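Notes for the one structure printed next.
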There are 4 protein chains.
Amino acid sequence: MRQARVHRLPAAGPDDVTALAAAFDAGRIDPGAVVAVFGKTEGNGNVNDFTRALATRALGDLLAARTDPATAAAVCLVMSGGTEGGLSPHWIVFEVRPGAGGEAHPDALAIGRAHTPDLPAPDLGRLAQVDMVAEGVARAMRDAGIVDRGDVCLVQVKCPLLTSERVAAAGGDVATNETLKSMGLSRAASALGVAVALGEIDRDGLTEAAIGRDWALFSTRASASAGIELLGHEIVVLGTGREWSGPLRIGHAAMADGIDIEPARQVLARLGLPASGQLEAAQRARVVALVAKAEASPDGRIRGSRHTMLTDSDIASTRHARAFAGGALAGLIGHTELFVSGGAEHQGPPGGGPLAIIVRAAEGTTP
Amino acid sequence: MRQARVHRLPAAGPDDVTALAAAFDAGRIDPGAVVAVFGKTEGNGNVNDFTRALATRALGDLLAARTDPATAAAVCLVMSGGTEGGLSPHWIVFEVRPGAGGEAHPDALAIGRAHTPDLPAPDLGRLAQVDMVAEGVARAMRDAGIVDRGDVCLVQVKCPLLTSERVAAAGGDVATNETLKSMGLSRAASALGVAVALGEIDRDGLTEAAIGRDWALFSTRASASAGIELLGHEIVVLGTGREWSGPLRIGHAAMADGIDIEPARQVLARLGLPASGQLEAAQRARVVALVAKAEASPDGRIRGSRHTMLTDSDIASTRHARAFAGGALAGLIGHTELFVSGGAEHQGPPGGGPLAIIVRAAEGTTP
Amino acid sequence: MRQARVHRLPAAGPDDVTALAAAFDAGRIDPGAVVAVFGKTEGNGNVNDFTRALATRALGDLLAARTDPATAAAVCLVMSGGTEGGLSPHWIVFEVRPGAGGEAHPDALAIGRAHTPDLPAPDLGRLAQVDMVAEGVARAMRDAGIVDRGDVCLVQVKCPLLTSERVAAAGGDVATNETLKSMGLSRAASALGVAVALGEIDRDGLTEAAIGRDWALFSTRASASAGIELLGHEIVVLGTGREWSGPLRIGHAAMADGIDIEPARQVLARLGLPASGQLEAAQRARVVALVAKAEASPDGRIRGSRHTMLTDSDIASTRHARAFAGGALAGLIGHTELFVSGGAEHQGPPGGGPLAIIVRAAEGTTP
Amino acid sequence: MRQARVHRLPAAGPDDVTALAAAFDAGRIDPGAVVAVFGKTEGNGNVNDFTRALATRALGDLLAARTDPATAAAVCLVMSGGTEGGLSPHWIVFEVRPGAGGEAHPDALAIGRAHTPDLPAPDLGRLAQVDMVAEGVARAMRDAGIVDRGDVCLVQVKCPLLTSERVAAAGGDVATNETLKSMGLSRAASALGVAVALGEIDRDGLTEAAIGRDWALFSTRASASAGIELLGHEIVVLGTGREWSGPLRIGHAAMADGIDIEPARQVLARLGLPASGQLEAAQRARVVALVAKAEASPDGRIRGSRHTMLTDSDIASTRHARAFAGGALAGLIGHTELFVSGGAEHQGPPGGGPLAIIVRAAEGTTP
């Protein structure tokens, strides 16, 4: 019987891992049981966001010091830049305790993970990346012991991007030679890879031209984030498994646009946290983590009103989107340590995005 | 018996006044009855935001063409730059129809306005500006026929800023020689002027050193916005008056921080729009306008969690704050044409800001 | 005998035309003789740069007030946003005095202009735009009385861009749906139109796929600038004509990269201003105007060293390029009122750009 | 007899130390002889520039792996963020070879260094910081064996800044609570510390109010750079010493404004590299390193023409200044690996900045 444990810790900077070190010291987290860390860092979330690399380095050094090189290297480090608005930099640390005891619970949180090989630059944003990710998701599901694809609630993918150097090294045979655009294509292909793995779209009918273009194709459970700090993919599957125990529960939904908070409210209600308005303090304390994607709606409108995210040449649209959807979700939850990441290509409907919430079941209840 | 009418119109750009021209053409708005226009434009909202000047010019030209120079010049044009996140550029047009008929209603919306003389650059951010604004607010209240200060719900002030040229012309005798900082000081002194006029703080105890520093002093009903496009102040008072009729109602509250939407929910409930979660479509249609201020909390935290708005050297904190609070409020209201402006010095508690909502009373009811 | 006159005037803001009004008042410039105004305004030079629209409006209003609507409408207003680094906002006013007297001089500055019809959104960035511009250049050359294509020194084109609205209105049949990218494509097609008109490239061999991609194709005399404030093209040809008199001379060259100032030094020497190092004050006074284009080299390198302009997601590469090339040229000239504009697609070699300098001949000399 | 060696190495990213590792591997640089590394990294150069921390970490790890912890910790790591325009990220590695042989040369480059204790937050920007830096400079001069203050050519200081956290921890007793402003004050106090140490200003007459305000006080040889990645100061003195050998020579000058390249040209001439126009390739190869400071002139003008660096709320003025002065200097030198850093408070005259150039003497000559 495995048990998933999830810890949300504050970060005073991209390289501030003191809260994690303290949790190790105090025995609250077992370094050897850590399988993944999601980090919301305070960079721009785009090409030249080096906060992700700095965080990866700081986390990697700490994990290596407390475990061994192989164990540390196996931990999926999914850094997502951008804490625009009032979002707060934080870490979400995922532990899997093998013999944690307790009874299996059909709704208990399950976690699996996989790494892929390095993605050749010419494959980025193309079908080869879709397939590489789909295969990785299948492996991560097996790692989680999830058989039914319907039991998957969120697949978080960290994927690579193209730099000017990588484009040049590839001799120009790339899907795009614009670095910022490569992030979107990488997220797009990764999300379609998830959609294929989860049976949300049909691989046979998928063409390369659809990647980053045909927004009718999407996964409601994919969350992809691109970064300069890796060359392959790190894939983490969250869902419910049959052989997991513990008090953590997870739910998911898709937001139709950046201010569509009602699906999140419904998820909370299903998980035992019904909220009329903002969560009350006692309810809020039971929310362990919220992961969501946000993007500017490609048609330039939200519910018919024009937005200016796509015509702003000073601030990238992903930054706008994180701040805005982050504000909407923080208005519901009542705190700001939310893992909202930007760029939701093929992740939820156009202009919207997937959302997953992990809560702690009330003692003595079965939510 | 006067009647206030308020119209929210979309803008396809800072100089797009076609919706207003169409309303004039169709007789929906009487050009000669327009007393003020609030405009949410898509600039950066800071020093070099020329969208406000462009909008002012476009509106002024249209009003002059449809009325006469004196009438046009008397219209208060309060342009607030910044539609970060998904906020939507729009105009809020205020009409006062003198003999509109109907019965006086004790809760009917009342509007008054005043212009001040040009503010000498050395006075900006100092007690002289506080006094100039306080005197203007008193005049605007008389214009609205509001006797009881408690009947004022919002005082919107458009105030000037300092440019490098104005600083140089003043021979350096200025409260600050940093242009961006001058915007904050101008808003600060204006807000304290409102607070003095409304009896929220005591003028006798106010020192120059407190302006822009002592955040314990604030008005819960002041909203100030600085711009390069004027040298004096435009002041608009919104409240309830005894000799006004019509279906519009107004309520106000103060948000304690950027995600504090519960006060807004309570205002809506008091105005006859109780909402569990986001407003439903029928309710939303009755919301005519929402005006709010947002700012980064000066202590760098929201409910204990660190935010990065004040350490971000790429995006001004006012831009972050508008996007985030805008998202929170849009999550409640359900649309994005919200007049959220940034920089809430002495406007509401530190990190929070005032908020006013104008709604249309349901037919046959007295909300 | 016509005579070209060129005036460089400072601007205290995008809508500051006081220096031009004063020159009209003093009789230094004849409003009816103005054929074009180039304006360097202080916006971001990209999609949401409304300083160009504001400047266009201010100039148009002044010209209409001093001439008549038709004359004012015929003036080419070429606004280029972006005064990054220490570049200084200014106007370059071009007058053509018909019977100015004096003898024809084979090297005298000649000016011609043309307007094109509105460009349908689907044509932007495609061969139809190339052809529209090429035809306009031919007309502008005739207007200047320039027969030999070798006598053209610079063709300045102001071209349109796509907004989210225009893309939507076109039903998606557009070369790109990214607004910032549409600026580059519009400049690219315009530059190729100039190249076709000047015989620098062969129209028959030109394919649509080459636009914005095949950097081996370029004009060394095209300077194109895109803006939201127009829907057609404004085209101004500068060169030497047989029937022009006066003391103004013009030279041109192509910079190979952003720091390649030696060609500019050679142009100055040919025009009678030999400079070892920075121009001396007396020489500098004879430089009437400098027009240049700058861009980030597409390969990410300048003389082998990596630059970061194309991986910077905070500042657009055009802004970097203007500041950097602007600094290099200001180091040569010794002042900062330089008309350096960004985005040199097909304008000069990749990473470089065309350059033209107008000087006043020394009295009593024939440089 | 000591010999100073200086190596300029490219960086493909803030954490790319492969060129340095390769130089260690090849024996071109002795890890144990490295005393300082200056790094030009590609962040925004302001508060939330984490490229400096990432670079510091990568360099520190490499040095620790190749030497020992104490030796590595003693190396001064002076990271300066910001490669705006076409500036190229690079490292300047300073070696001191103790028994390198050769004859002492009166003009040979000499290097000294010092670290200070952590600066308490309340001392930042105040006289206590001036004194701490002045004392450190004196130590660094002794380390270099420089007795005559006139033999110092450049003092490079890396100094700390205030974050929201540090301000809060200090209980508000700080010179400023604005993080970006704290960078300027830290540079200002550091520069005055250098000026005191070099006898350029009189410590007795210096008041706290002058720090960051009285621009008549400055050092022509101070270069200060603030960063979040350290709490004390790293100080490196470059000059000429009596007991140093080797082919490296150094010269210095002060630029009066951002385009004042003539002093740099004169320094080159004095060092044996006379240039009419841009350096020729053979000359350029002998330029080992160029270090300069740039800033927006506080009066908003360059040689009488308005600049917009101080009214731009989208891009910090330091970023503009680096790009512009960087372009001017690159136009002279002919390459882009220039260590131009921003914010020249009390470093050179207002709007200008100090400049030092290290060249390799031609073989067989004594420049």
In segment C:287-304, what count of residues is obtained for those that are at pLDDT 95 or above, over 16 Å from C:Met255 (Cβ atoms) and either surrounded by fewer than 19 Cβ atoms within 10 Å (Cβ to Cβ) or in contact with a helix residue (DSSP H, G or I) (Cβ under 9 Å, 6 or more places away or on another chain) (or both)?
2
Residue list for segment B:13-66, filter: touching a strand residue (DSSP E or B) at 6+ places or on another chain (Cβ under 7 Å), within 14 Å of another protein chain (Cβ to nearest Cβ) and among the acidic types (Asp, Glu)
B:Asp49
How many residues, within segment C:250-267, are surrounded by fewer than 24 Cβ atoms within 10 Å (Cβ to Cβ) and assigned to a helix (DSSP H, G or I)?
5
Scan segment D:268-278 for residues that are without any contact (Cβ under 8 Å) to a residue 40 or more places away in the chain and either part of a loop (DSSP other than H, G, I, E, B) or surrounded by 24 or more Cβ atoms within 10 Å (Cβ to Cβ) (or both) and report the count.
3
The conditions are (1) farther than 24 Å from D:Leu161 by Cβ; (2) away from chain C (no Cβ under 14 Å); (3) surrounded by fewer than 24 Cβ atoms within 10 Å (Cβ to Cβ), and D:Arg8 fails exactly one of them. Which is it?
(2)
Please determine, by comparing only the residues of segment C:212-246 that are of a type in the set (A, V, I, L, M, F, W, C) and not in a strand (DSSP E or B), which one is surrounded by the fewest Cβ atoms within 10 Å (Cβ to Cβ).
C:Ala216
Those residues of segment A:297-317 which are under 21 Å from the mean Cα position of the chain (by Cα) and more than 26 Å from A:Gln266 (Cβ to Cβ) amount to A:Ala316, A:Ser317
What pairs come out if I take residues in segment C:201-228 that are farther than 23 Å from C:Arg319 by Cα and pair them with residues that are charged (D, E, K, R) whose C-beta lies under 6 Å away, six or more apart or interchain?
C:Glu208/C:Arg126
For segment B:298-318, which positions are within 7 Å of chain A (Cβ to nearest Cβ) and not in a loop (DSSP other than H, G, I, E, B)?
B:Ile302, B:Ser305, B:Arg306, B:Met309
Among (1) outside any strand (DSSP E or B); (2) closer than 19 Å to C:Arg52 by Cα; (3) more than 9 Å from chain D (Cβ to nearest Cβ), there is one condition C:Glu337 misses while meeting the rest; what is its number?
(3)
B:Phe94 - would you say it is over 19 Å from the mean Cα position of the chain (by Cα), aromatic (Phe, Trp, Tyr) and more than 27 Å from C:Arg52 (Cβ to Cβ)?
no
Subset of segment C:1-18, residues closer than 19 Å to C:Gly81 by Cα and in contact with a Leu (Cβ under 7 Å, 6 or more places away or on another chain), comes to C:Leu9, C:Pro14, C:Asp15, C:Val17
Just one of B:Arg126, B:Arg139, B:Arg166 is touching an Asp or Glu at 6+ places or on another chain (Cβ under 9 Å) and either basic (Lys, Arg) or free of Cβ contacts under 8 Å to residues at least 24 places away in the same chain (or both); which is it?
B:Arg126
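Here are some residues: A:Ala188, A:Ala197, A:Ala144. Which one is touching an Asp or Glu at 6+ places or on another chain (Cβ under 6 Å) and at pLDDT 95 or above? Even if it seems obvious, please write down each step before you answer.
Details: A:Ala197 fails: touching an Asp or Glu at 6+ places or on another chain (Cβ under 6 Å); A:Ala144 fails: touching an Asp or Glu at 6+ places or on another chain (Cβ under 6 Å).
Sole residue among the options that is touching an Asp or Glu at 6+ places or on another chain (Cβ under 6 Å) and at pLDDT 95 or above: A:Ala188.
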How many residues of segment B:266-280 are more than 9 Å from chain A (Cβ to nearest Cβ) and within 24 Å of A:Pro263 (Cβ to Cβ)? The answer is 6
On the given criteria, is C:Arg203 modelled with pLDDT under 95, farther than 22 Å from C:Ala36 by Cα and over 15 Å from the mean Cα position of the chain (by Cα)?
no
Name the residue, out of B:Ile259, B:Ile228, that is β-branched (Val, Ile, Thr) and within 14 Å of chain A (Cβ to nearest Cβ).
B:Ile259
Quick check, is B:Arg142 farther than 25 Å from B:Arg52 by Cα and out of contact with any helix residue (DSSP H, G or I) (no Cβ under 9 Å at 6 or more places or on another chain)?
yes
Scanning segment C:126-173 residue by residue, those of a type outside the set (A, V, I, L, M, F, W, C), assigned to a loop (DSSP other than H, G, I, E, B) and crowded, with 23+ Cβ neighbours inside 10 Å turn out to be C:Pro160
Conditions: (1) surrounded by fewer than 20 Cβ atoms within 10 Å (Cβ to Cβ); (2) within 14 Å of chain A (Cβ to nearest Cβ); (3) of a type in the set (S, T, N, Q). B:Thr71 meets all but one. Number of the miss?
(2)
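Here is a check on your reading of the model: is B:Gly351 without any contact (Cβ under 8 Å) to a residue 60 or more places away in the chain, closer than 23 Å to A:Leu87 by Cα and not basic (Lys, Arg)?
Considered against the rule, which asks whether it is without any contact (Cβ under 8 Å) to a residue 60 or more places away in the chain, closer than 23 Å to A:Leu87 by Cα and not basic (Lys, Arg), B:Gly351 comes out as no.
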Whether any residue in segment C:321-331 is under 20 Å from A:Asn48 (Cβ atoms) and either more than 17 Å from the chain's Cα centre (by Cα) or free of Cβ contacts under 8 Å to residues at least 60 places away in the same chain (or both) is what I want to check.
yes
Kindly establish whether C:Gly102 is under 19 Å from the mean Cα position of the chain (by Cα) and either under 22 Å from C:Leu198 (Cα atoms) or of a type outside the set (Asp, Glu) (or both).
no
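The values are calculated or read from the model by the stated rules, or taken from the named source; none is laboratory data. Everything numeric in this text was worked out from a predicted model, so none of it was measured. All Cβ positions, even for glycine, are placed from backbone atoms using ideal geometry, and neighbour counts span all protein chains on display.
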